[in-house]
Amino acid sequence: MKEVVIQGLSQAYSNLVHMFAEFLPRLLVMLVIVLVGLLVAYVLKTILRAVLHVTRLDRLSEEAGASRFLRMAALPSMTELLSRSLFWVTWSGFILIGISVLGVAGLQEQISRLFLLLPAIFVAILILFLGLVTANFLSRAALLAAVNAGYPSPKLLSWSIRFVIWALAVSMALEQVGVARQTVIAAFSIVFGAFMFGMALAFGLGGKELAREFLERNLTEKKREKHEEPQPL
Amino acid sequence: MAEESFLADDFLRQLMSVGEVDLLVGIPSYNNASTLAQTLQSVEASLRQNFVRERAVILNVDGGSADETRQLFVQSAERIDAGHKGLTSLRTVHRISCEYDKSPSQGLALHSIVAAADLLRARACVVISPTTTNLTPSWVANLLRPVYRQGLDFVAPLYVRSRFQGLLARDLLYPMCRAIFGQRIRELYSEEWGFSGRLASQCLEKDVWHEEAVRARPEAWMAITAISADLKCGQYFLGPKTASPTGTGPDIVEAIRQTVGNFFWCLETNQANWLSRSNSQPVPTFGPDHELSLDGIPPSQEKIFDLFRSGVSELEPILASILAQDTHAQIKAIALSDRSNFHFAPELWVKTLYEFAASYHHAVLNRDHLVQALVPLYRGRLYSFLLENANSSAEAMETQSEILCQEFERQKPYLIERWTAKR
């Protein structure tokens, strides 16, 4: 009995030693990969930051109004945000490669899935960013045009444009990463349809007078109003 | 002959058949069949009466007219040739017509004119608008003569103005340009002006013809180019100007986008030149340097004030990103004041404009949007002007205008400070 126990313990010990002997080099390789990844990510971040400074992306972002939203969300400048994102995406990639080297059963499949998802996440972030910039630019253009032409409720018009573009961008981004694809499309259709229907009802029925005034102003009074102000030049 | 390649073959052929000239009269046109004949008659008469020995060419550059403007140009010129009596030029007055594009653009029209002037080695050129219905032969001669005989490089026109007309020029463009560039040219944005062949060649060499600011209003850019190159500028009093109904000009929003947008762009591209300038100098002026007529009814003021007030309130976040905190607070305060006691002080107006110019330079938001955000504030200033000058004499209004000009000059260091500040 005693011999069996000792043999079992010795077998377990030898298995453990064998396992450690197999695992330690892998762990070492993983650490090396993670460290190399850290270095590569840092170099890439520095290069991207320099390139973006040269291309004056921050000024472009400021002009388009995207920087104001970043500040509101307590985020850094566009250049900093993109270079930091590249750093984390690169390093995360190396960390995942490192973990896969460990050969832990079950993790391999999850890591492959994550790798497949990375490009989609990147595209989704890009869609959100472009949506943000476009929404901000077009809503501001509409606000200025409406205010200068003296239309009623310019902010409502501006926010409507912003909302529609945001909704479109968010639904496109979610569809890109494959989050509840059917639900997102259905939700977007319902929200967008309801919004447009509500606008039509509000403008056509609730604001019948406003609609009449709006059409009259545009179709009949535009020329007269133009001459109410003295010739500027 | 820096850039003749963009000219069409047929146009080049016509130019080469003319050879060299002394004078060039450019007439940009777009659907001006109803007034072109009269314009041509005045131009022809002016050349025959005042420049008997000079070689001259009349150049029509058309922006794709749908009516018969171009055909009319050729036909009416033939009729003038056949029917002319009295003093005539000893030389042939050549006529050339070309279509620079299928849609009108002042910048493209001027580009063709300066390229032709450069190719033909013209010494003096003038641009004449066919929308001016009271053009006389003396106008053409008065814009050409200072360039041809007195060696000026840019001659701006001066018109008799109704007291409620041209307020954008009087309250913003003239005083701001005078303070910044140091030359007292009153009519930077006009449809008639004269320039030398030397200035034409310098302008042709600049790679800016694709810029929206130059495409929309090239005349002020040309004047500022002349000032920046230390060329000689002047102005000639032409009298009252009457535009045809088809040429009443843009509305207030479009006018500000075109002129103020163009002016801010000129500040940006010529900053090396004006940052070191101080004070202003009068330019050679032929005739009185201003004349205000007291006719014209004051426009409706209620709507102008309402648009100012709603603009200040609706555009609050946009104005906050353009203006200094203190300036923005002052504007918000006057927007809340009683309309009968409303006063937009010259000091505040100048400060506002300088902050807009600096924000344009720092591109705090899209530049076209920034210029559009000025429209409500201009309306506030306009309302204040109309309220205070309902019964003022021409002299009193001119005195006020001079005070405003001096305020612009006094605050110029503030513009430089904001312009050069790091953001």
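Taking segment B:100-126 as the range and being more than 23 Å from the chain's Cα centre (by Cα) and among the charged types (D, E, K, R) as the test, the residues that pass are B:Lys102, B:Arg121.
Of all the numbered requirements in (1) away from chain A (no Cβ under 14 Å); (2) among the hydrophobic types (A, V, I, L, M, F, W, C); (3) buried (at least 18 other Cβ atoms within 10 Å of the Cβ), B:Ala229 misses one, and that requirement is (3).
Regarding segment B:45-64, can at least one residue be identified that is in the same structural domain as B:Leu135 (by TED's automatic domain parsing), hydroxyl-bearing (Ser, Thr, Tyr) and modelled with pLDDT of 90 or more? Within segment B:45-64, one or more residues are in the same structural domain as B:Leu135 (by TED's automatic domain parsing), hydroxyl-bearing (Ser, Thr, Tyr) and modelled with pLDDT of 90 or more. In summary, B:Ile227 fulfils each of the numbered conditions (1) under 20 Å from B:Gly26 (Cα atoms); (2) part of a helix (DSSP H, G or I) with the single exception of condition (1).
Quick grid of which residues meet (1) aliphatic (A, V, I, L, M); (2) away from chain A (no Cβ under 14 Å):
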{"site": "B:His361", "(1), (2)": "no, no"}
{"site": "B:Asn366", "(1), (2)": "no, no"}
{"site": "B:Gly380", "(1), (2)": "no, no"}
{"site": "B:Ser384", "(1), (2)": "no, no"}
{"site": "B:Thr399", "(1), (2)": "no, yes"}
{"site": "B:Leu415", "(1), (2)": "yes, yes"}
{"site": "B:Lys422", "(1), (2)": "no, no"}
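Just name the residue that is farthest from the other protein chains (Cβ to nearest Cβ) out of those in segment B:165-192 that are small (Gly, Ala, Ser) and in a loop (DSSP other than H, G, I, E, B). Can you show your working first?
Step one: filter segment B:165-192 for residues small (Gly, Ala, Ser), giving B:166, B:169, B:179, B:182, B:190.
In the following step, the residues that additionally are in a loop (DSSP other than H, G, I, E, B) were identified as B:166, B:182, B:190.
Numbers: B:Gly166: 6, B:Gly182: 23, B:Ser190: 8 Å.
That would be B:Gly182.
Which residue, of A:Ser10, A:Ser14, A:Ser61, is in a helix (DSSP H, G or I), over 26 Å from A:Ile97 (Cα atoms), modelled with pLDDT under 85 and of a type in the set (S, T, N, Q)? None of the other options fit; the residue is A:Ser61.
Is there a residue being closer than 27 Å to B:Trp419 by Cα, within 11 Å of chain A (Cβ to nearest Cβ), in contact with a His (Cβ under 6 Å, 6 or more places away or on another chain) and surrounded by fewer than 17 Cβ atoms within 10 Å (Cβ to Cβ) anywhere in segment B:309-331? Yes: segment B:309-331 contains one or more residues that are closer than 27 Å to B:Trp419 by Cα, within 11 Å of chain A (Cβ to nearest Cβ), in contact with a His (Cβ under 6 Å, 6 or more places away or on another chain) and surrounded by fewer than 17 Cβ atoms within 10 Å (Cβ to Cβ).
Tell me, which helices (runs of 4 or more DSSP H) wholly within segment A:74-189 include 1 or more residues that are hydroxyl-bearing (Ser, Thr, Tyr), at pLDDT 90 or above and more than 26 Å from A:Arg49 (Cβ to Cβ)? Before you say what the answer is, go through the steps one by one.
Working: elements: A:78-102, A:107-149, A:154-177.
Filter on segment A:74-189 gives A:107-149, A:154-177.
Selection of segment A:131-154 for residues being more than 7 Å from chain B (Cβ to nearest Cβ) and in contact with a Gly (Cβ under 6 Å, 6 or more places away or on another chain) yields only A:Asn136.
In segment B:106-156, which residues are hydroxyl-bearing (Ser, Thr, Tyr) and farther than 19 Å from B:Thr242 by Cβ?
Just the residues of segment B:106-156 that are hydroxyl-bearing (Ser, Thr, Tyr), to begin with: B:112, B:129, B:131-133, B:136, B:138, B:148.
If the condition is that a residue be hydroxyl-bearing (Ser, Thr, Tyr) and farther than 19 Å from B:Thr242 by Cβ, then B:Ser112, B:Tyr148 are the ones that fit.
Here is the figure for segment B:251-305: residues that are among the acidic types (Asp, Glu) and in a helix (DSSP H, G or I) total 3. Might you check whether a residue that is closer than 25 Å to B:His290 by Cβ, crowded, with 23+ Cβ neighbours inside 10 Å and either touching a residue at least 12 places away in the same chain (Cβ under 8 Å) or not polar (S, T, N, Q) (or both) occurs anywhere in segment B:359-370? No, segment B:359-370 has no match at all. Only one entry in B:Asp171, B:Asp207 is under 18 Å from the mean Cα position of the chain (by Cα) and of a type in the set (Asp, Glu), namely B:Asp171.
Which of (1) within 14 Å of chain B (Cβ to nearest Cβ); (2) more than 23 Å from A:Leu144 (Cα to Cα); (3) among the hydroxyl-bearing types (Ser, Thr, Tyr) does A:Thr183 not meet, given it meets every other one? Checking A:Thr183 against (1) within 14 Å of chain B (Cβ to nearest Cβ); (2) more than 23 Å from A:Leu144 (Cα to Cα); (3) among the hydroxyl-bearing types (Ser, Thr, Tyr), the one that fails is (1).
Is segment B:262-280 home to any residue that is touching a Cys at 6+ places or on another chain (Cβ under 8 Å), within 14 Å of chain A (Cβ to nearest Cβ) and in contact (Cβ under 8 Å) with a residue 24 or more places away in the chain? Yes, because at least one residue in segment B:262-280 is touching a Cys at 6+ places or on another chain (Cβ under 8 Å), within 14 Å of chain A (Cβ to nearest Cβ) and in contact (Cβ under 8 Å) with a residue 24 or more places away in the chain. Among the numbered conditions (1) assigned by TED's automatic domain parsing to the domain that holds B:Arg163; (2) of a type in the set (Ser, Thr, Tyr); (3) over 30 Å from B:Lys232 (Cβ atoms), the only one that B:Ser280 does not meet is (3).
The values are calculated or read from the model by the stated rules, or taken from the named source; none is laboratory data. Because the structure is predicted, anything quoted here is derived from the model rather than measured. Neighbour counts run over all protein chains shown; Cβ positions are idealised from the backbone, glycine included.
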